[in-house]
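Report on the following structure.
The values are calculated or read from the model by the stated rules, or taken from the named source; none is laboratory data. Predicted model, so just to flag it, every value in this text is computed and none were measured. Every residue, glycine among them, receives a Cβ derived from its backbone with ideal geometry; neighbour counts consider all protein chains shown. Only protein heavy atoms, including side chains, enter the accessible area calculation; ligands, DNA and RNA are left aside. Shrake-Rupley method; radii C 1.70, N 1.55, O 1.52, S 1.80 Å.
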Amino acid sequence: MHILIQSIGYGLVTASVIAIGAVGLSLQFGVTNFVNFAYGEFLTLGAYIGYFVSTQAHFNVFVGIVAAMAVTGLLAVLLDQVVFEPFIRGRPNLVVLLIVTVALSLILQNLYQIVFTTDFRRYAAPSNTQYSVGDINFTGSQLLIIAIAITAIGALQILLKYTKLGKAMRAMSDSADLAQASGINTRLVTRAVWLISGMFAGIGGVVLAINVYNVQPTLGNSYLFLFFAAVIMGGIGKPWGALISAVVLGIVIEVSGAYINAAYKGGLAFLILILVLLLRPRGLFSSRRRTV
Amino acid sequence: MLFYLIEIVTLIAINVIFALGLNIQFGYVGVLNVGYIAFVAIGAYITAVTSLGNTENGFTQLYILHWNVPWPLPVLFGGLAAAAVGLLLATVTLRNLRADYLAIATLSLAQVLYTIVANNDSLFNGAQGLAGVPRPFDAQLADASQEVYGLVFLIIAVIFAAILFLATRQLQRSPLGRFMRAVREDEVVAESFGRRPLVARLAALGIGCFFAGIGGGLLIEYQTAFGSQAWFPLETFIIFAAVIVGGTGNNLGAVVGAAIVLVGINESTRFLPASIPSELVGPGRGVLIGVLLILFLRFRPQGLLPETRVRLYGRRIETPDNPELPTPPQTADATTS
Amino acid sequence: MLIGRGITSGYRGEPVLRDVAITVPDGVTVAILGPNGAGKSTLFKTLIGLLPLQGGSVHVDELDISQMPPYRRVRAGLGYVPQLGRIFPSLSVRENLEMGGFTLTKELTDRIDTVLELFPDLRVAMKQSASNLSGGQQTMLGMARALMLQPKIMLLDEPTAGLSPLYAAKVWESIRNIANAGIGVLTIEQNVTFALEQSDQAYVLVNGQNTSHGRSSDLKGRSDVEGLFVG
């Protein structure tokens, strides 16, 4: 019984990591209408930045997070401007855009191997103090991960609900064409979406590194399909849905991980993804026809 | 030199099979199978376990089936198994129109298979992979030199590639092939064919994965071993690059693309200055292939050998070699609004 | 006034419209008639800039908007309500109107009030999700949204499609109110007789080209116009 309760606790930590990645991915997916297969690499870069700033240069963990957000946010905007925009300006083709993101993932991942080498870098935990919440034991780092996830997703929710920019993002998620024809500068909104999505990758990368204590070139990529699973379960472009799905996924993975070989955790998540596609293939995304 | 030549042509022939299969999925019907290499691996694995029998070759490995069926049945089994998994996955993910769902599912499948295989010793012999897979005509050619056997295998691979190439051409000219391209071009126009677009997508997925499995079977027979490290997604991108560089939708393009990309990768890394550390060669290839893909998609999306396009739009429908193509509705509005 | 000259446009290089000319004067309702696939919606998408011009030009008064992206055309004085997806379903009714007035700042609330005088039905539903509205109300919301920036010209793609005759008449009442405020209104109508009764002027579009143009009352009853449409 104690193992079960404790693994639910770990599930919440894993859920927080998945939620940050899934929310950042889902926001951009919803607005631009194509999924970014290089998002895992965005997180990896964030993790490296966090490692260099916090572990190597001994700055506070939050300094590392802010630095990671700045770098990955800029990377996302840059890639949007230089790589994606020319494809979208021409004759947008969903399949071509998807391949471009996959190719970017390949390029970035291999660049990390060249620049950072394939060595495992040990990320120093910000806090190893043990805390008990009810029957569950957390380290300070784990509580920090949960707090960061709540703060980041809460802030995004406020942006989406109460600001003009956030409302425009939701409007574009509904229909980019109608948003343009309402007088919204959709290029500008798209750029802002990439920036925020990139910043979430920065946070997610550092949080991931804190959670697994290390950084290496495939770190983000190995979590990508968990983000996908949460995004599809939650409904594309619905950050709340992604958050709830992340909690479900995180708990299922950690609870099952307490009883089965840890290697099959990923298989279980895949099974959940397939079940969702089987049972709720249409209920998971809005009814409109795609425009790209 | 001769042996190198035999080896590279053999690998080209096998990659032509991969490229033809991917071209049916991505080029003909426009479905994106990001985990294509997983189906290659499935074909290789099934080929191995249906030909290894109980021979242990002096070391212990664990796997299923332990069949020892005569060649070329193992290769066919490999193709069929890959096609079956592909169809299963496609049935789940292709029921809605989103191309990205299949891409996500195939990528996830490849990643999950990778970790499961590397960690499950009882089914897949773990990260070591399978070794000692029997080569075709091994007994008859036991005394042959490396070059002679290589030549025999080269002929086998070329025959397979040629048969599949001709089959692909037949498919392209068949009503099903035309329907596939109509589905890629426009869902609404495709519906005027009186069949569900899903049928075209499923068929393309199944046939393409069959090709992947056949190629995977030949690859493991050629190398006689197949470790989990060969499943890395980079391999998928070599195949994608072959199709896109050659000319998406064009079968001859797939052949040319496979040759150019493979030879290009081999040659470009052969003549690297010795000062470049060897561990950078692999990542360098990855970056190169990614950049090549993006540049081609951006500046020459039709590839080196553009597909002869059948117009499916507007009033002038030119169907030079497809006189019986059904006339789509004469509406442009209906296709978009 | 909206002036389109020699408009040629279409999808993926295949022109659907060829050399179409159209003028919408201020304060006048103009209906576009034509069989399915004549290119009516294509014309609207080209005017608002969702499809690029392959030839010709579009002006609002003296201003050449031919090369502008849609959002700048809107700011130059065009309002557009598409046939499908006229509203943002996941936004509230008020947020839909805010999106229409995206460039407004402090005048926003006043402008919403002014626009709602034309559509009193919407006032009670401001906080509701727009997807809860009936089809007719969604049309009204789409029109209200497009009015937020005080356009000179409104483009309404089949505003009465799928509505009951009663609600269709109500929509046209709003359209006439809009025109009376000095705004030129270009609409697409399926029902030819109804459209000729309601509008001031009409254009007939067949196979992507203009065939007839005139005052609706003159076109009414002409067999070459009404005979074009089956059903």
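Shown here is the pair-distance distribution of chain A: with all Cα-Cα distances grouped in 5 Å bins from zero up to the longest one, the shares run 1, 6, 12, 17, 19, 17, 13, 8, 4, 2, 1, 0 percent. Close amide H pairs (under 5 Å, H built 1.01 Å from N) link C:GLY214 with C:ALA202, residues at least 5 positions away or on another chain.
Annotation: amide H-H contacts under 5 Å for C:MET154 (H modelled 1.01 Å from N, sequence separation of 5 or more, or interchain): C:GLY79, C:GLY184, C:VAL185, C:LEU186.
Residues of segment C:20-48 that bury at least 40 Å² of accessible area once all protein chains are present, compared with their chain alone (1.4 Å probe, heavy atoms only, ligands and nucleic acids left out), are C:GLY37. Cross-link reach is defined here as a Cα-Cα straight distance under 29 Å, omitting same-chain residues fewer than 8 places apart; for C:LYS170 the lysines meeting it are C:LYS40, C:LYS45, C:LYS127, C:LYS152, C:LYS220. For segment C:1-31, the set of trypsin sites (Lys or Arg not before Pro) satisfying both a DSSP loop assignment and a count of at most 15 other C-beta atoms within 10 Å is given as C:ARG12. The value of relative contact order for chain A, using C-alpha pairs under 8 Å at least six residues apart, is 39 percent. Its Cα gyration tensor gives segment C:32-108 an equivalent ellipsoid. The semi-axes, each the square root of 5 times an eigenvalue, are 25, 19, 9 Å from largest down. Just report the Cα centroid separation between segment A:1-56 and segment C:72-108, whole Å. Segment A:1-56 and segment C:72-108 have Cα centres spaced 35 Å from each other.
Our summary gives segment C:2-218 a relative contact order of 30 percent, counting only alpha carbon pairs under 8 angstrom and 6 or more residues apart. Relative to the 2.2 N^0.38 Å rule of thumb, segment C:2-218 has a C-alpha radius of gyration ratio of 0.97.
Take each residue of peptide B:236-249, count the partner chain Cβ atoms within 10 Å of its Cβ, and average: the result is 1. For q = 0.05 Å⁻¹, what log10 I(q)/I(0) does the protein assembly as shown give under the Debye formula with an equal point scatterer on each alpha carbon and no solvent? Reported log10 I(q)/I(0), two decimals: -0.32. For segment C:123-231, the set of trypsin sites (Lys or Arg not before Pro) satisfying both a DSSP loop assignment and a count of at most 16 other C-beta atoms within 10 Å is given as C:LYS127, C:LYS220, C:ARG222. Between segment C:1-25 and segment C:188-220, what's the alpha-carbon centroid distance in Å? For segment C:1-25 versus segment C:188-220, the Cα centre distance is 17 Å. Report the FRET efficiency, 1/(1 + (r/R0)^6), for C:ARG123 and A:PHE62, where r is their Cβ-Cβ distance and R0 is 60 Å, rounded to 0.05. Given R0 = 60 Å and the Cβ-Cβ separation, E is 0.80.
Shown here for segment B:131-174: chymotrypsin sites (Phe, Trp or Tyr not before Pro) in loop regions (DSSP other than H, G, I, E, B) with at most 15 other Cβ atoms within 10 Å, namely B:PHE137.
Each Cα pair under 8 Å and six or more residues apart adds its separation to the average, and for segment C:1-101 the resulting relative contact order is 26 percent. Peptide A:82-88 has a mean shielding of 1, counted as Cβ atoms of other protein chains within 10 Å of each residue's Cβ.
Our analysis of segment A:108-264 gives Rg over Rh at 1.02, with the two radii drawn from alpha carbon positions and Rh computed by the Kirkwood formula. The mean number of Cβ atoms from other chains found within 10 Å of a Cβ in peptide A:271-278 is 4, as a whole number. Couplings for segment A:203-212, taken from phi via the Karplus curve 6.51 cos²θ - 1.76 cosθ + 1.60 with θ = phi - 60°, read 4, x, x, 5, 4, 4, 5, 4, 6, 9 Hz in order; Gly and Pro are left as x. Relative to the longest principal axis of the Cα atoms of chain C, helix C:135-147 runs at roughly 90 degrees. The region of chain C that goes longest without hitting one of the GluC sites (Glu not before Pro) in a DSSP loop, each with at most 13 other Cβ atoms within 10 Å, is C:108-231. The alpha-carbon of A:LYS238 sits under 16 angstrom from the alpha-carbons of these lysines, leaving out residues fewer than 8 places away in its chain: A:LYS161, A:LYS167. In this structure, the amide hydrogen of C:VAL16, modeled 1.01 Å from its nitrogen in the peptide plane, lies closer than 5 angstrom to those of C:SER9, C:GLY10, C:TYR11, counting only residues at least 5 positions away or on a different chain. For segment C:64-128, the share of alpha carbon pairs falling in successive 5 Å distance bins from zero is 4, 14, 22, 26, 20, 9, 4, 1 percent. Computed from the C-beta positions of A:ASN137 and A:LEU74, the FRET efficiency with R₀ = 51 Å rounds to 0.85. Backbone phi angles across segment B:164-171, fed through the Karplus curve with coefficients 6.51, -1.76 and 1.60 (θ = phi - 60°), yield HN-Hα couplings of 5, 4, 5, 4, 5, 5, 4, 4 Hz in residue order; Gly and Pro are listed as x. Protection proxy ranking for A:151-161, A:223-233, using the average of other Cβ atoms within 10 Å per residue and placing the highest first: A:223-233, A:151-161. For segment C:2-218, the antiparallel share of DSSP beta bridges with both residues in that region comes to about 55%.
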